[in-house]
Each structure stands twice: as structure tokens, then as C-alpha cells.
Ligand code: FAD
Ligand code: UDP
């Protein structure tokens with residue numbers, strides 16, 4: 001991607017009279033904020049101030065080397081996967097990719113079994129020797145019949161039956177969300193497929209890869225532009241009245257933006273226990289899930305994911321929490337209804353665009369947030385162009 005001149009719409013820039021301060025205040029330097037800052041500066045030539053209350057860029061995808069020198073993800077394991085060539089190529093302008101396919105084992109009944117549930121999971125758990133063809137029939141024989149998959153319980157029992165549901169999903173979900181799967185939208189557990197073959201990859205997307213030098217380097221390259229200024233350790237409310245700006249991109253929690261006018265939107269949080277161990281390897285795969293034992297949901301060993309070689313290894317335990325940084329929106333009907341009230345307020349603000357996982361209260365992966373931000377940019381660019389072509393009252397064009 002040409003970051004210098006090709007898409008640089010200087011004509012539009014010159015037609016805005018009396019420009020001072022920043023064209024955009026971008027709240028949040030995660031995927032949503034960084035993609036938009038990059039596009040606004042590189043394509044439209046606008047002046048952008050990115051503000052984040054954390055001491056770093058990258059949002060929850062931020063990575064860094066720990067004291068031992070192992071590259072870790074402080075906010076939990078982030079594995080990039082997408083079916084969109086456009087999104088993969090867009091990010092590819094800012095990083096080389098290292099192919100990586102994530103594998104997960106679940107600790108169930110004293111065994112470590114492939115997750116998502118596949119042919120090997122069933123054969124090893126029950127001591128069977130089904131073929132892929134027989135697996136279809138076997139699943140049909142255990143699956144529960146219901147009219148609709150409304151909840152996260154329905155979606156699993158309708159595919160794999162009650163026993164596998166109890167062993168792999170019920171405990172994990174209750175731990176992760178503090179709710180029974182029957183209280184969550186079907187979309188939550190539907191994230192995890194069921195396979196009748198032996199494919200043991202966690203994701204099936206066309207593109208599965210990690211930024212070769214880490215996420216933070218990729219974000220640095222996205223934000224490296226003379227028109228982009230980054231201000232860290234700053235809540236936007238500290239500067240919003242002080243620094244002049246024309247329009248805002250907001251990527252924080254939407255209910256916080258409106259001072260919780262209609263009440264708090266629930267978010268699920270996590271506590272991360274990062275540990276460095278004096279050994280090369282801790283476990284056989286990137287992540288091991290613990291659906292039924294321990295207070296944590298999963299342990300991830302970063303070197304599998306990053307491909308780093310190092311004489312020691314670093315792992316992270318994830319402990320779900322009700323309080324703390326908002327990491328997950330909680331998909332259930334009453335929360336969607338509350339979000340819609342905030343969304344209606346957001347739509348009334350013509351100079352603020354809400355983008356990202358927390359600002360649109362959607363359980364989005366990184367690629368979905370990038371896609372959402374690129375779509376928002378297209379709308380913004382169109383409106384920008386339309387404004388640039390409309391002569392303003394009092395502008396030199398009219399005064400003549
Ligand atoms: P964020 O990354 O949350 O960025 C928002 C930023 O706004 C933050 O940096 C925050 O500090 C800042 N902010 C908020 N309020 C203010 C304020 N008042 N003033 C200033 N700044 C503010 N996705 C995948 O695709 N693959 C994975 O493997 C994966 N694993 C995940 C694991 C965990 C544990 C979690 C929690 C998420 C995971 N995700 C994964 C999802 C991924 O993290 C998100 O999709 C993505 O990071 C969201 O980007 P964002 O820009 O919307 O939000
Ligand atoms: N899940 C489960 N058991 C597992 C893995 C996932 O019950 O072994 C359910 C759980 O409700 C989880 C959801 O499926 O929150 C989505 O899993 P995913 O791995 O996508 O969660 P994330 O990586 O976003 O935390």
C-alpha cells in the first residue's frame with residue numbers, strides 16, 4: 001500500500017476553511033482506533049490525535065517482551081484468523097505474517113482431548129473407533145432435538161448431545177461468563193464448531209497467521225505518520241474540552257461515553273496470571289482448556305503462538321472476573337436491548353463515530369473489528385468528499 005502520495009486527497013483538505021487543531025480525535029489506540037487513524041491520515045490527509053488511557057498502543061492486542069525476554073500478550077492470547085483477503089492484505093501493509101494454526105486441547109476425564117470436538121475427541125473419550133461417516137450417525141443419535149437453537153445450551157446439545165455438552169461446555173461457560181449457557185445467546189458457544197473429521201485446528205479460516213514481529217510493531221507502523229499524534233496515559237475526557245478537534249472516533253465502552261445514562265452495560269472481565277518457567281516447553285499445544293477443574297478457564301503458552309525460540313517459556317492463566325477492565329460484551333437479549341438505547345443516542349451525534357468491540361457492544365474478533373473500521377472509514381470518506389464539494393456560506397468561493 002502506498003502510504004505517501006497516491007491516495008492523498010489534498011484537494012479536499014484545502015477546501016476546508018479556517019482549519020485549526022485536529023480534524024479527528026480518536027479515542028482508543030486498539031484495532032478500531034488505529035485502523036481509522038491510519039486511513040484518515042494516509043488516505044484523506046487529515047490531522048489525527050489518538051488518545052488512549054493506557055500506557056501503550058494496540059489495545060487488548062498489545063504485546064511485549066516479559067522480563068525473561070519472551071514475547072507475551074498481557075491481555076490474553078491473541079491469534080489472528082480471517083476469511084477476508086481484504087482485511088489480511090490491509091494489515092499486511094504493516095507487518096510480515098508468520099503462518100500459525102492454533103491448536104487447543106481440553107482436559108476432560110483425565111485426558112487431554114482435541115477441542116473443537118472432532119472424531120478423535122469422541123473416539124478417545126468413549127473408547128470407540130468410529131469412522132468419519134459413522135461419526136455423523138453417532139452424533140445424530142446423541143443430539144437433542146429442539147425447534148430452535150436460541151441459547152448457548154441449545155446450540156451445543158442439538159449438535160453433540162447432553163454428555164459432551166456437560167463435559168466440554170457447561171462448566172467452561174459457567175466459569176467464563178458466571179452464567180449458565182442457557183442464559184447466553186446461541187452465538188457464544190456457536191463460535192466453537194463440531195467436526196466429524198480429524199481436523200484439530202481451533203479455527204478453520206482461510207488466513208491464519210501472526211504478525212511476524214508482534215502486534216505492537218504492527219500498530220507502530222500503522223500510526224507512524226506525520227499527521228498522527230499519539231497521546232498515551234490520557235483519558236479523552238482530560239483533553240476533549242482543551243484540544244480543538246472537529247470530529248471524533250470513539251472506541252471505548254459506549255455506556256461510559258453517555259455516563260451510564262440508561263444504566264451499566266454488563267461486561268465480563270479476566271484476571272491474567274503470567275508466569276515464566278525455567279524450561280523450554282510447558283505443554284504440547286498453544287492452549288489447554290480446563291472446563292471442569294480449577295478456577296481458571298485455560299492456560300496458554302505463548303511460544304507456540306509466536307514461534308519464538310527461548311530457553312525459558314511464558315504461560316498465562318485466565319481467571320474470569322465480574323469486575324475489572326471490560327473485555328467481553330455479554331451477549332444476551334436484555335443486554336442487546338440496553339445497548340440499542342445507547343446506540344440510538346450514538347446515532348443522534350453526527351460528529352462522533354462509534355467503532356469497535358466495546359463501542360458497538362459486539363463480541364468481535366480482531367479481524368471483524370478491522371472490517372468494521374474499514375467500513376466506517378468508507379462512509380466517512382464519502383461524507384468528507386461530499387462536504388469538500390459543497391461550497392460553504394462565507395467561504396472564499398461564495399464571497400467572490
Ligand atoms: P480495544 O482493543 O479494547 O481498544 C480500545 C481502547 O480504547 C483501549 O486501549 C482502551 O484503553 C481505550 N479507551 C477506552 N476508554 C478510553 C477513554 N475514556 N479514554 C482513552 N482511551 C480509552 N480476537 C481475535 O481475533 N483472536 C483472538 O485470539 C482473540 N483473543 C482474545 C482474548 C482475550 C482474552 C480478549 C479479551 C479478546 C480477544 N480477542 C481476540 C478480541 C480482540 O481483543 C478484539 O477484537 C480487539 O482487540 C478489539 O479492538 P478494539 O479497538 O475494538 O478495542
Ligand atoms: N467454550 C466452552 N468450552 C471450551 C471452549 C469454549 O464452553 O472448551 C465456550 C465458552 O462459552 C466460551 C465460548 O465457547 O466463552 C467461546 O469460546 P472462544 O474460545 O471463542 O472464547 P474467547 O477466545 O473469545 O475467550
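Hey, residue 69 hits all of (1) in a loop (DSSP other than H, G, I, E, B); (2) on the phi < 0 side of the Ramachandran plot; (3) surrounded by fewer than 18 Cβ atoms within 10 Å (Cβ to Cβ); (4) away from ligand 1 (no atom under 13 Å from the Cβ) but one; which does it fall short on?
Condition (2) is where residue 69 drops out.
Which one is farthest from ligand 1 (Cβ to nearest atom), of the residues in segment 176-194 that are surrounded by 16 or more Cβ atoms within 10 Å (Cβ to Cβ) and closer than 30 Å to residue 308 by Cα?
Taking the candidates together, the pick is 192.
Within segment 80-175, which helices (runs of 4 or more DSSP H) (wholly inside it) include 3 or more residues that are surrounded by fewer than 13 Cβ atoms within 10 Å (Cβ to Cβ)?
Those helices (runs of 4 or more DSSP H) span 85-92, 132-142.
Hey, among the residues in segment 286-316 that are within 14 Å of ligand 1 (Cβ to nearest atom) and assigned to a loop (DSSP other than H, G, I, E, B), which one's farthest from residue 99 (Cα to Cα)?
296
If you check 359, 373, 381, which single one turns out to be within 26 Å of the chain's Cα centre (by Cα), in the same structural domain as residue 28 (by TED's automatic domain parsing), assigned to a loop (DSSP other than H, G, I, E, B) and modelled with pLDDT of 95 or more?
Exactly one residue qualifies, and that residue is 359.
For segment 244-253, indicate whether the set of residues that are away from ligand 1 (no atom under 12 Å from the Cβ), more than 17 Å from the chain's Cα centre (by Cα), closer than 30 Å to residue 53 by Cα and not in a strand (DSSP E or B) is non-empty.
Scanning segment 244-253 turns up at least one residue that is away from ligand 1 (no atom under 12 Å from the Cβ), more than 17 Å from the chain's Cα centre (by Cα), closer than 30 Å to residue 53 by Cα and not in a strand (DSSP E or B).
Just to check your reading of the model, which residue among 365, 335 is in the same structural domain as residue 246 (by TED's automatic domain parsing), within 16 Å of ligand 2 (Cβ to nearest atom) and either crowded, with 20+ Cβ neighbours inside 10 Å or farther than 13 Å from residue 265 by Cβ (or both)?
Criteria check complete, one pass: 365.
The values are calculated or read from the model by the stated rules, or taken from the named source; none is laboratory data. Bear in mind the structure is a predicted one, so any value in this text is a computation, not a measurement. So basically every Cβ, Gly included, is an ideal-geometry build from the backbone, and we count neighbours across all protein chains shown.
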